[in-house]
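The values are calculated or read from the model by the stated rules, or taken from the named source; none is laboratory data. Here the structure is a predicted model, which means the values were calculated and not measured. Glycine also receives a Cβ, built like all others from the backbone with ideal geometry; neighbour counts cover every protein chain displayed. In case anyone asks, the SASA skips ligands and DNA or RNA and just uses the protein heavy atoms, side chains included. Shrake-Rupley method; radii C 1.70, N 1.55, O 1.52, S 1.80 Å.
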Amino acid sequence: MKWKLLFIAGLLSLTSCKQASQTVVVAGDSWAAFVCTYNSLDKAFLKVGIKDVATSSTCMTTTKIGIHADNWEGTPFDKATQLSLRDPKVKALYLSLGGNDLIALWNKAMTADQENALFDHVISHLETIIQKYQSIRPDIRILISGYDFPRFTLNHPVKDYSKAYDDMGRPSPLELNSALLRFSKRVAEVADQKKVFYIQHYGLMQYYYGNTDTGLAAQQTLPPDQISPASDMTQTGGDIQSQTDKQAMLKVQVNPFIIYDAFHLNQDGFDHVAEHAVSIYLNNWFK
């Protein structure tokens, strides 16, 4: 699904890669693009004292807002990722794909069989993509990075979000979050925990921001080190009945209103996502 996201136009700019002997290729959809744009992984590495690892400078050519797993193969972004992986400095791939497929194709009225067929469709593409990258660089580790709870609302001012919510059948937070977690469990099955790993971030923002809609204070839910640890990739945090708090979402001032994104976090949020990935996996890979 191609989000218009007009209110974030101009935010994205090429990032420069600090000099490093080892790099991480960041590839995939918007949740990879923003990690790249905000230098989130680089900051997370420095935060834990890793100074000789950086995001590959190619990351704005290997990410695309709105891209689906089922239309990734053969795109310029896929080809750029393949080319980037041939650099011997690259030691890991941070890959985010599948979320847009779900938001575009899932509906709350689906039967269990229909939902499983959708999951199978997305997972098959994800597996093909990973297998291709492994054939190019069988030595690198691949981290599939998932998502946090979204914030879809009725009549969202961004028309694409409003339409997506309608097309999903206007699910409650519990209905949508439950479907996302069911899909997340299927993605976890792709990870062999040898060369392919998976981390999701469900409940991460509720830990840092709480939830003003329900009166939940920050730092009251499961802490980051217990969300999707290597020992239990599907362990989630937060409250499945609640959305991510609006203060964690990307926002823009359109006088006199503030528009909050339905799917993308603000810079602080993506920094926390990167810190989560580094603390659970990447920190250990580059020690």
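Determine whether the stretch 112-122 contains at least one residue that is among the β-branched types (V, I, T) and either surrounded by 18 or more Cβ atoms within 10 Å (Cβ to Cβ) or without any contact (Cβ under 8 Å) to a residue 24 or more places away in the chain (or both).
Applying the first criterion (among the β-branched types (V, I, T)) to the stretch 112-122 yields 122.
Filter once more, keeping what is either surrounded by 18 or more Cβ atoms within 10 Å (Cβ to Cβ) or without any contact (Cβ under 8 Å) to a residue 24 or more places away in the chain (or both): 122.
Yes, because at least one residue in the stretch 112-122 is among the β-branched types (V, I, T) and either surrounded by 18 or more Cβ atoms within 10 Å (Cβ to Cβ) or without any contact (Cβ under 8 Å) to a residue 24 or more places away in the chain (or both).
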task: Only residues in the stretch 175-189 that are of a type in the set (D, E) count as the first member; pair them with residues that are in a helix (DSSP H, G or I), Cβ under 8 angstrom, at least 6 apart or cross-chain, and list the lot.
output: E189/I123
- request: Tell me which residues, restricted to the stretch 187-226, are open to solvent by 40 Å² or more (accessible area, probe 1.4 Å), within 25 Å of A32 (Cβ to Cβ) and part of a loop (DSSP other than H, G, I, E, B).
  value: E189, D192, Q193, K194, K195, L222
task: Could you list all residues from the stretch 260-273 that are crowded, with 17+ Cβ neighbours inside 10 Å and more than 22 Å from L102 (Cα to Cα)?
output: D271, H272
message: Anything in the stretch 54-101 that is touching a Lys or Arg at 6+ places or on another chain (Cβ under 8 Å) and more than 28 Å from Y202 (Cβ to Cβ)? List them, or say none.
response: Q82, L85, R86, V90
Failed criterion for Y165 (all others in (1) open to solvent by 70 Å² or more (accessible area, probe 1.4 Å); (2) under 16 Å from Q243 (Cβ atoms); (3) of a type outside the set (A, V, I, L, M) hold): (1)
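Given the structure, is R141 open to solvent by 50 Å² or more (accessible area, probe 1.4 Å), among the charged types (D, E, K, R), within 30 Å of D113 (Cα to Cα) and modelled with pLDDT of 95 or more? Full working, then the answer.
On the way: open to solvent by 50 Å² or more (accessible area, probe 1.4 Å): yes; among the charged types (D, E, K, R): yes; within 30 Å of D113 (Cα to Cα): no; modelled with pLDDT of 95 or more: yes.
Taking the combined requirement at face value, the residue does not satisfy it.
Being hydrophobic (A, V, I, L, M, F, W, C), under 12 Å from the mean Cα position of the chain (by Cα) and open to solvent by less than 20 Å² (accessible area, probe 1.4 Å) narrows it down to one residue among V35, V53; which is it? Don't jump to the end; show me each part of the working.
Working: V53 fails: under 12 Å from the mean Cα position of the chain (by Cα).
Answer to the selection: V35.
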